[in-house]
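Undergrad: Below: one structure in structure tokens.
The values are calculated or read from the model by the stated rules, or taken from the named source; none is laboratory data. Given the structure is predicted, the values throughout are model-derived calculations rather than measurements. Every residue, glycine as well, gets a Cβ built from its backbone with ideal geometry; the counts of neighbours run over all protein chains shown. Heads up: the accessible areas ignore ligands, DNA and RNA and are worked out on the full protein's heavy atoms, side chains in. Shrake-Rupley method; radii C 1.70, N 1.55, O 1.52, S 1.80 Å.
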Amino acid sequence: MNWTGRRLPRTEDPALLRGEGAFTADLAAGARAVRFLRSPYAAGRILSITAPDLPPGALLITGADLEGVGAIRPELFRFNYRAIAQPVLPRERVHFVGQPVAAVVAATPEEAEDIAETILLDIEPEDPVVTIDDALRPGTPTLHAEAPGNLVVDGTIRHPDCEAAFARADRIVELTLRSGRQNATPMEARAGLAAYDRATGRIRLTASCQMPHMLRTGIATLLGMAEADLQIVAPDVGGGFGQKMALFPEYPLLVWLARRHRGSFCWVEDRNENLIASAHSREQRHHLRAAFAADGTLLGLEADILANTGAFSCYPTTCGVEPLMALAEYPGPYRLPTYAARARALATNTCPAAPYRGVSRPVVTFGLERLMDRAAAALGIDPVALRRRNLVTEFPHVTPTGLTLDQASYVEALDRAVEAADIPAFRTRQQAARREGRYLGLGLAVFNERTGYGTPAFAARGMGIVPGYEVVDIAMTPAGEVEVRIGASPHGQGLRTALAQLAADRLGLDPSRIRVIHGDTDRTPYGWGSFASRGAVIAGGATQLAADKLAARLRRAAARLLQAEPESIALRDGAAWAGEASIPLTEIARRVHQRSEQLSDLDGFNLAETAQYDPGGTFSNACHVAEVEVDAETGHVRVLRFLVVEDAGRLLNPLIADGQVHGGVAQGIANALLEEVLYAPDGNPLTGSLADYLPPSAAEIPPIEIIHMETESPETLTGAKGLGEGGTIGAPAAIANAISDALAPFGVDITELPATPARIRALIRNAR
Amino acid sequence: MTKTPIRLTVNGVPHDIAVEPRRTLADALRDDCGLTGTHLGCEHGVCGACTVLLDGEVVRACLHFAIQADGRTIRTVEGLATPDGTLNPLQHAFWQHHGLQCGFCTPGFLMLATWLLEQEEPVDEARLRHVLSSNLCRCTGYQNILTAVRAAAQAIGKWTEAA
Ligand code: FES
Ligand code: FES
């Protein structure tokens with residue numbers, strides 16, 4: 001029986017469907033409540049924090065209490081990175097609205113909130129730096145002395161022959177684009193519960209996080225405590241999308257409280273806090289210049305990348321993650337002979353930036369794919385033909401930034417998408433609609449997605465903390481079930497099911513006999529987590545290796561018991577077979593553990609193995625097609641159709657894979673049309689509720705059609721490529737191109753996302 | 001603050017509790033009744049994670065005060081499966097069609113769909129989308145939630161192709 005590749009419903013689901021999942025806030029009973037006081041100013045000097053009448057039993061914690069606690073200060077050893085320090089609670093200055101400046105502890109959340117309102121926060125406001133333009137303006141205030149000119153990252157790649165390519169070009173196409181700021185907006189906001197265990201002196205932090213092992217190391221280091229005395233548990237986590245990767249100041253404060261006061265302390269973030277003070281992403285401005293030959297061949301690309309990365313630098317990736325990913329991955333799936341780019345991260349008095357699904361690639365793809373459409377118009381070449389002419393077709397291919405593209409289907413996916421979209425029929429509809437004064441548009445986005453990359457890729461970024469590998473411990477219990485302990489920490493991706501499918505095939509077991517254990521630093525090997533579309537590739541590869549090692553042990557034991565050669569043993573249907581003879585795996589497991597005198601000379605006294613996997617990475621690819629209708633009066637955009645041709649290699653569970661594409665595309669559509677974090681000029685956030693910041697509902701998301709291609713990666717053990725971020729990466733560009741197509745009669749196109757009704761109305765107004 | 005004694009009948013079980021007047025129904029369910037299946041995604045009436053049925057009407061538990069529910073009956077996600085944990089047909093449809101990923105929004109969607117399927121009115125595509133657009137899910141892009149509720153409606157003969 002082949003379990004891998006089947007649309008197996010998830011083992012994760014029944015408890016969640018019964019409302020029996022355990023999210024962090026569900027576990028808070030008995031803990032004292034923590035409420036953070038947050039800065040009301042974007043920039044300012046703290047004069048005093050006083051509590052006129054603190055009721056008995058309540059606590060007020062300020063930076064002055066945290067003597068000896070370190071600051072969050074992630075490192076990057078390249079690209080002119082300036083390390084800036086974020087105190088857990090500041091003592092002198094505040095740097096963004098929402099920054100935690102003090103914590104109140106009381107018996108209940110209501111009381112803590114009441115008390116928080118009585119605290120006098122005396123802060124002298126200073127001039128804030130809010131936008132990219134503010135940060136660059138000569139003479140602007142400097143946020144951090146360590147980063148003169150508010151420049152935290154300044155990376156450059158310049159091929160010497162780039163200028164020559166532009167000199168020889170028949171056509172130079174330029175584009176300046178802007179991407180609005182977004183919040184990943186997991187439906188469960190952040191939450192943490194730190195509990196002191198008096199019997200052992202250890203602390204357990206239960207937190208809604210994506211990287212429990214990293215959090216443990218980070219917090220132990222900040223607090224100067226033994227890492228062995230800290231356990232991190234990621235229970236059910238209500239979405240993360242990158243936002244919950246970071247080490248936020250709230251978590252070390254909770255652990256500090258639990259240690260100092262020998263008790264349990266719980267903080268459950270409210271939506272307003274999450275919207276203004278967790279992490280933001282994607283506020284970028286790119287200027288692109290591309291050199292083309294008359295026949296449409298791309299000769300060279302120049303990119304100037306600016307990212308507003310907020311007040312501090314997120315741990316462990318640093319705020320370099322956005323601009324530097326853009327710097328490295330701008331060539332995309334295209335053959336690009338020469339490249340020159342500069343990427344800067346700018347500090348401002350806004351919420352710090354952190355990874356959000358796709359990181360920079362939604363913006364990069366928006367840039368490249370808009371550029372392709374603009375170039376096609378300028379050169380008088382069909383946009384599909386222009387893309388086909390420039391897409392990479394021979395693999396492996398080394399990009400001008402040194403990335404190796406493995407076997408993929410860039411042109412084939414484009415062709416499949418074009419065929420399925422039936423562009424000629426669309427053009428007929430579009431013409432008919434225009435005669436009625438209706439504006440339909442169709443847009444394409446072709447892209448590749450770097451996934452499943454291990455240590456070398458992160459090390460190349462010069463990171464102080466280099467993630468990458470995953471370790472899997474596997475063991476068969478004496479009763480014959482298999483436990484798979486993974487360092488990765490899924491939160492909605494269905495890894496428990498998909499890894500059980502993989503292991504089931506290697507061991508000849510039913511997946512229901514396999515337990516995948518994750519999200520607990522006491523019970524799993526050190527590992528990194530679920531981010532960067534890596535679960536199926538890296539945790540999958542390590543699981544496969546570990547299962548193979550366990551299978552080899554089972555075969556050796558079976559060979560002894562069946563008096564056959566280990567090579568002749570097959571594992572299937574829960575038994576080991578030598579021809580017609582068989583022995584149940586449960587019996588082997590029992591004998592290894594409890595009749596070890598028969599077998600221990602083979603492999604010892606248990607059935608435990610460990611395996612590690614650290615691949616170089618693989619590129620999945622896709623083509624997205626969007627069809628939209630734009631109301632030229634109101635500026636409203638309706639998405640009529642959305643088509644995805646996705647190639648993520650071998651699919652471990654297509655049901656789960658489709659779900660990842662659906663969710664990603666919905667976030668991408670929202671990126672294109674709805675979601676934008678806005679700040680007033682004084683640095684006050686204007687989008688502090690879900691009535692102002694607008695994640696999409698079922699009314700805004702059309703049916704999403706998916707066609708899978710399966711180009712297996714030679715670079716990964718499972719043949720799988722990651723696909724967790726692709727939906728988010730391609731959709732904004734496809735929608736932007738579709739709106740631009742619809743608005744072609746007005747001679748305008750989309751260079752700023754989200755394309756809100758107000759922006760579209762302004763474009764049309766200015767064109768008329 | 002003084003507390004008022006109230007009785008909430010949740011999934012058929014009476015809970016005699018005492019709450020401050022400002023306590024929301026959601027907090028009372030979660031903290032006083034110990035029923036943490038009702039989730040809080042925004043506490044300002046937008047996301048619908050806290051959706052429950054109050055005397056058969058679909059409501060946002062974060063926007064109701066617990067004392068407003070005194071003496072009334074409430075249905076929450078914990079009441080859907082049988083006591084031995086067997087999923088009801090709607091839950092089963094969510095499972096089979098992968099209508100959840102992180103599962104945080106799921107209780108709210110299940111209660112919203114429960115209400116929808118208990119109405120007299122048959123369900124067509126437009127009504128399905130209209131009703132389900134009152135809740136937010138960040139993971140699924142809604143595709144499989146719609147598929148699951150559609151399948152559940154079909155199974156009980158509530159589905160109609162055209163309005
Ligand atoms: S928590 Fe009630 S609507 Fe969001
Ligand atoms: S399944 Fe995660 S929010 Fe809906």
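Undergrad: Please give the number of the condition A:G19 fails out of (1) within 11 Å of chain B (Cβ to nearest Cβ); (2) over 28 Å from A:L686 (Cα atoms); (3) in contact (Cβ under 8 Å) with a residue 60 or more places away in the chain; (4) buried (at least 22 other Cβ atoms within 10 Å of the Cβ).
TA: So the condition that A:G19 fails would be (3).
Undergrad: Output yes when any residue across the range B:25-45 is more than 21 Å from A:T24 (Cβ to Cβ) and part of a strand (DSSP E or B), and no when none is.
TA: Of all residues in the range B:25-45, those more than 21 Å from A:T24 (Cβ to Cβ) come to B:25, B:45.
Next, from what is left, pick out any that are part of a strand (DSSP E or B): none.
So far as the range B:25-45 goes, no, none of its residues is more than 21 Å from A:T24 (Cβ to Cβ) and part of a strand (DSSP E or B).
Undergrad: Has the range A:728-747 got any residue that is under 19 Å from A:Q182 (Cβ atoms), free of Cβ contacts under 8 Å to residues at least 24 places away in the same chain and of a type in the set (A, V, I, L, M, F, W, C)? Even if it seems obvious, please write down each step before you answer.
TA: Applying the first criterion (under 19 Å from A:Q182 (Cβ atoms)) to the range A:728-747 yields A:728-736, A:739.
Then keep just the ones that are free of Cβ contacts under 8 Å to residues at least 24 places away in the same chain; that gives none.
The answer is no, given that none of the residues of the range A:728-747 is under 19 Å from A:Q182 (Cβ atoms), free of Cβ contacts under 8 Å to residues at least 24 places away in the same chain and of a type in the set (A, V, I, L, M, F, W, C).
Table: residues versus (1) open to solvent by less than 10 Å² (accessible area, probe 1.4 Å); (2) away from chain A (no Cβ under 11 Å); (3) closer than 22 Å to A:A191 by Cα; (4) more than 16 Å from ligand 2 (Cβ to nearest atom).
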{"residue": "B:V10", "(1), (2), (3), (4)": "yes, yes, no, yes"}
{"residue": "B:P14", "(1), (2), (3), (4)": "no, yes, no, yes"}
{"residue": "B:L25", "(1), (2), (3), (4)": "yes, yes, yes, yes"}
{"residue": "B:T73", "(1), (2), (3), (4)": "no, yes, no, yes"}
{"residue": "B:G99", "(1), (2), (3), (4)": "yes, no, no, no"}
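Undergrad: Another question, if that's okay. For the range B:112-141, enumerate the residues that are in contact (Cβ under 8 Å) with a residue 40 or more places away in the chain, within 7 Å of another protein chain (Cβ to nearest Cβ) and away from ligand 1 (no atom under 16 Å from the Cβ).
TA: B:T140
Undergrad: Sort out which residues of the range B:42-71 are near ligand 1 (Cβ under 9 Å from one of its atoms) and either assigned by TED's automatic domain parsing to the domain that holds B:S134 or crowded, with 19+ Cβ neighbours inside 10 Å (or both), and write them in order of number.
TA: Quick first cut of the range B:42-71, residues near ligand 1 (Cβ under 9 Å from one of its atoms) only: B:42-51, B:60-63.
Hits for the range B:42-71 are B:C42, B:E43, B:V46, B:C47, B:G48, B:A49, B:C50, B:T51, B:R60, B:A61, B:C62.
Undergrad: Additional query: Output the qualifying pairs, or none if there are none: Cβ atoms under 6 angstrom, residues six or more apart or on different chains, first residue in the range A:590-609 and basic (K, R), second residue surrounded by fewer than 17 Cβ atoms within 10 Å (Cβ to Cβ) and in a helix (DSSP H, G or I).
TA: Hits for this filter: A:R591/A:Q598.
Residues are listed down the side, and each one gets a yes or a no for (1) under 30 Å from A:T131 (Cβ atoms); (2) more than 16 Å from ligand 1 (Cβ to nearest atom); (3) in the same structural domain as A:T521 (by TED's automatic domain parsing); (4) free of Cβ contacts under 8 Å to residues at least 60 places away in the same chain:
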{"site": "A:D161", "(1), (2), (3), (4)": "no, yes, no, no"}
{"site": "A:R178", "(1), (2), (3), (4)": "yes, yes, no, no"}
{"site": "A:A191", "(1), (2), (3), (4)": "no, no, no, no"}
{"site": "A:E227", "(1), (2), (3), (4)": "no, yes, no, yes"}
{"site": "A:P235", "(1), (2), (3), (4)": "no, yes, no, no"}
{"site": "A:G242", "(1), (2), (3), (4)": "yes, yes, no, no"}
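Undergrad: Evaluate the following for B:R150: is it outside the structural domain of B:T38 (by TED's automatic domain parsing), among the basic types (K, R) and touching a strand residue (DSSP E or B) at 6+ places or on another chain (Cβ under 9 Å)? Steps first, answer last, please.
TA: Details: outside the structural domain of B:T38 (by TED's automatic domain parsing): yes; among the basic types (K, R): yes; touching a strand residue (DSSP E or B) at 6+ places or on another chain (Cβ under 9 Å): yes.
Answer is yes for this residue.
Undergrad: Still on this structure, I have one more. Where in the range A:385-503 are the helices (runs of 4 or more DSSP H), entirely inside, with at least 3 residues that are more than 19 Å from the chain's Cα centre (by Cα) and within 24 Å of A:G659 (Cα to Cα)? Outline the logic, then answer.
TA: Values: elements: A:410-421, A:423-435, A:455-460.
Correct list: A:410-421.
Undergrad: In the range A:661-683, what residues are in a helix (DSSP H, G or I) and either surrounded by fewer than 24 Cβ atoms within 10 Å (Cβ to Cβ) or in contact with a helix residue (DSSP H, G or I) (Cβ under 7 Å, 6 or more places away or on another chain) (or both)? Give the derivation first.
TA: Of all residues in the range A:661-683, those in a helix (DSSP H, G or I) come to A:661-673.
Within the range A:661-683, A:V661, A:H662, A:G663, A:G664, A:V665, A:Q667, A:G668, A:I669, A:N671, A:A672, A:L673 meet the criteria.
Undergrad: Further, regarding this structure: Checking A:A542 against (1) touching a Phe, Trp or Tyr at 6+ places or on another chain (Cβ under 6 Å); (2) more than 30 Å from A:Q660 (Cβ to Cβ), which single condition isn't satisfied?
TA: (2)
Undergrad: Just to be sure I understand, how many residues within the range B:34-57 are under 17 Å from B:R75 (Cβ atoms), more than 16 Å from ligand 2 (Cβ to nearest atom) and within 12 Å of chain A (Cβ to nearest Cβ)? First the steps, then the outcome.
TA: Filtering the range B:34-57 down to residues under 17 Å from B:R75 (Cβ atoms) leaves B:34-39, B:48-57.
Next, from what is left, pick out any that are more than 16 Å from ligand 2 (Cβ to nearest atom): B:34-36, B:52-57.
Among the residues that remain, those that are also within 12 Å of chain A (Cβ to nearest Cβ) are: B:34-36, B:52.
Within the range B:34-57, residues that are under 17 Å from B:R75 (Cβ atoms), more than 16 Å from ligand 2 (Cβ to nearest atom) and within 12 Å of chain A (Cβ to nearest Cβ) number 4.
Undergrad: Something else: Any idea which of B:F109, B:F104, B:F65 is within 14 Å of chain A (Cβ to nearest Cβ) and away from ligand 2 (no atom under 16 Å from the Cβ)?
TA: Values: B:F109 fails: away from ligand 2 (no atom under 16 Å from the Cβ); B:F104 fails: away from ligand 2 (no atom under 16 Å from the Cβ).
Testing whether each residue is within 14 Å of chain A (Cβ to nearest Cβ) and away from ligand 2 (no atom under 16 Å from the Cβ) leaves just B:F65.
Undergrad: A further question on this structure: Can you list residue pairs whose Cβ atoms sit under 7 Å apart, with the first residue in the range B:57-78 being closer than 23 Å to B:C105 by Cβ and the second being modelled with pLDDT of 95 or more and of a type in the set (D, E)? Count only pairs 6 or more apart in sequence or on different chains.
TA: Hits for this filter: B:C62/B:E43.
Undergrad: Still on this model: Among the listed residues B:R30, B:R60, which satisfies the condition of being more than 10 Å from every other protein chain (Cβ to nearest Cβ) and charged (D, E, K, R)? Steps first, please.
TA: Working: B:R30 fails: more than 10 Å from every other protein chain (Cβ to nearest Cβ).
Step by step, each of B:R30, B:R60 is checked, and only B:R60 is more than 10 Å from every other protein chain (Cβ to nearest Cβ) and charged (D, E, K, R).
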